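Peer 1: Just passing along the structure, written as structure tokens.
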Amino acid sequence: MNTNRKDFLIATALAAAAPMIARSAPSRGKIRVGIIGLGMRGKGAVKRLSKIRDVEIVALCDLRGEMVAKAAKILADAGRPAAKTFSGNEEIWKELVALDLDLVYIATPWRWHTPMCVHAMQNGKHAATEVPASTSTEECWQLVETSEKTGKHCMMLENCCYDFFELQTLNMVRQGVFGELTHAEGAYIHTLCGLISKENGYQGMWRFHQNNTKNGNLYPTHGLGPIAQCLNINRGNRFKHLVSMSSQQAAFTAWATENNKPNMASLENYRGDMNTTLIKCARGQTVMVQHDVSTPRPYSRIHLLQGTKGMARKYPEPRIALGHKWQTAEQMKELEEKYRHPLSRTMGEVARKVGGHGGMDFIMDYRLIYCLKNGLPLDQDVYDAAAWSSIMPLSIESVAKDSERIMVPDFTRGQWKTNTPLGIVDVDPAKLPVIGM
Ligand SMILES: NC(=O)c1ccc[n+]([C@@H]2O[C@H](COP(=O)([O-])OP(=O)(O)OC[C@H]3O[C@@H](n4cnc5c(N)ncnc54)[C@H](O)[C@@H]3O)[C@@H](O)[C@H]2O)c1
């Protein structure tokens, strides 16, 4: 193909595939939702979404009929009309996607996230998926390209961006309290041995199999999402490259031996217990992300932000230092009052009552529906889903190459330079009432 023709085809394709950043969805009456995957997470979503008046849960789908029945009961107990139900095989969700829906909400195991999002967008629906949105860079590009082509949103449901301290520190970053950010740390340190190794934990033990076949930072987005928003990733900044290394595996074997699970005690392929990934940003900052689901350590997402004037760190308990002095308990209260994020102010009390990780899940769902209903751009767009999720496959590649440097693709294709940072957003609860509060 000659160069002119190639350039023409690229230009035509780009013109047809308009960027998704800041593009808003048309607002309409009720937001009609279909939910796929009704295990631990999906059932919680049914409970939360059924609290929002302008949501209609039209359809429920799970491989297993008993999970659909439990979710249908949650809906009935909430006084909501019955939904259409689908179960029985791994492809039946396509019948749900074919219905008249606005949004397909996905809470299945990882390997289904991208295929389900892509199919939903191709069939004219917005897609929202549990984390991670993708498990390979090819899948990340599929999400971006499909969203651009169809004009449909694809949001990764990164609930940790809506936790209270994360929201407060984002607000403080925006107001310059920490000065210019230079470094950040996040993590997923969460002992899951008991949960991933029993049949009545994860369906088909899918999460165990992921951990047993991949060596890298398998679940980066909980730690990374809130940090990425503070660092304006894809909006004036971007992840440039990373290096990653994993420790040896010892804690899962120790746990399996102690808990008499001999078939799990010799896990040659099981990834190392602790993975540490370092990411370099285009604007200079460094980010450390850790992943460990087998060491018996207290839960932590770290959430550390460091700037020229101060720092914040969430675990083991939220602390802030200004200058080089840790703030006292009283000063921490004053900072909380002064910098409480507007979403916590307007939604916090209701969200805590509805629940879901202390309230953050409900703030996330509410804000998603609010944006769709009011035609606003989403807080987390398809480029965020791709960039944050890509850290899993890229870290796996780095670990496999003895910690070689791996470049992070620019999923925005240069738009990051001109995109504006996520604002300090809010909701008007009068516009979208919550039921039964
Ligand atoms: N955001 C968070 O805080 C958080 C917490 C836990 C899990 N997660 C994520 O949520 C997702 C679901 O996790 P979970 O804990 O609910 O797992 P789970 O195993 O309890 O639930 C998954 C459900 O999907 C169903 N399923 C599997 N294949 C299907 C298919 N082809 N079609 C329809 N249904 C199918 C299973 O039957 C199961 O009920 C995962 O991606 C996980 O990483 C997120």
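The values are calculated or read from the model by the stated rules, or taken from the named source; none is laboratory data. These figures come from a predicted structure and were not determined experimentally. For neighbour counting, all protein chains shown are included, and Cβ atoms are generated from backbone atoms with ideal geometry for every residue, glycine included. When the accessible area is computed, the model is the full protein with side chains, heavy atoms only, and any ligands, DNA or RNA have been set aside. Shrake-Rupley method; radii C 1.70, N 1.55, O 1.52, S 1.80 Å.
Peer 1: Hey, what's the per residue convex hull volume over the C-alpha atoms of the chain, in cubic angstrom?
Peer 2: 159 Å³
Peer 1: For the pair D77/T308, report the inter-label distance in nm, with labels modelled 7 Å from Cα in the Cβ direction.
Peer 2: Modelled inter-label distance: 5.4 nm.
Peer 1: So between E397 and Q122, what do we pick up on full extension, going 0.36 nm a residue minus the alpha carbon distance?
Peer 2: Length difference between fully extended and current span is 96.0 nm.
Peer 1: Here is a follow-up. On the full set of protein chains, 1.4 Å probe, figure out the accessible area of D410 and give it in Å² to the nearest 10.
Peer 2: Solvent-accessible area, nearest 10 Å²: 40 Å².
Peer 1: A further question on this structure: With r as the distance between the Cβ atoms of R111 and K333 and R0 = 45 Å, compute the FRET efficiency 1/(1 + (r/R0)^6) and round to 0.05.
Peer 2: 0.50
Peer 1: If you don't mind, another one. If I compute solvent accessible area with a 1.4 Å probe over the protein chains, what percent of it on the chain is carbon and sulfur?
Peer 2: That fraction is 52 percent.
Peer 1: Expressed in nm to one decimal, what extension gain is obtained for the pair R64 and K431 from 0.36 nm per residue of sequence separation less their Cα-Cα distance?
Peer 2: 128.5 nm
Peer 1: From Cα coordinates alone, what are the radius of gyration and Dmax values for region 55-200 in angstrom?
Peer 2: 18.5, 54
Peer 1: Determine how large the accessible area of R405 is when every protein chain is in place; take a 1.4 Å probe and give Å² rounded to the nearest 10.
Peer 2: 140 Å²
Peer 1: When the Cα centres of region 90-166 and region 345-372 are compared, how far apart do they sit, in Å?
Peer 2: Their Cα centres are 20 Å away from one another.
Peer 1: Under 5 Å between amide hydrogens, which residues at least 5 positions from G179 or on another chain qualify, with H placed 1.01 Å from N in the peptide plane?
Peer 2: For G179, the qualifying residues are K309.
Peer 1: OK, next. What is the distance, in nm, between label points placed 7 Å from the Cα along the Cα-to-Cβ direction at H241 and at I92?
Peer 2: Each label point lies 7 Å from its Cα, and together they span 4.9 nm.
Peer 1: In units of 2.2 N^0.38 Å, what is the alpha-carbon radius of gyration of region 31-91?
Peer 2: 0.99
Peer 1: Further, regarding this structure: Ranked by accessible surface with a 1.4 Å probe, highest first, in what order do E185, E138, E158 come?
Peer 2: E138, E185, E158
Peer 1: Under the 0.36 nm per residue contour assumption, what length would be gained going from the current alpha-carbon distance of Q248 and R319 to full extension?
Peer 2: Value of the extension gain: 22.4 nm.
Peer 1: Okay, moving on. Just need the relative contact order of region 25-157 here, percent rounded to a whole number, with Cα pairs under 8 Å and 6+ apart.
Peer 2: In percent, rounded to a whole number, it is 23.
Peer 1: Rolling a 1.4 angstrom probe over the protein chains, ignoring ligands and nucleic acids, what is the accessible area of D100 in square angstrom, nearest 10?
Peer 2: My reading of the accessible area for D100 is about 100 Å².
Peer 1: From the helices alone, meaning DSSP H stretches of at least four residues, give me the mean residue ellipticity at 222 nm for the chain, per-run term -39500 (n - 2.57), in deg cm²/dmol to the nearest 500.
Peer 2: -11500 deg cm²/dmol
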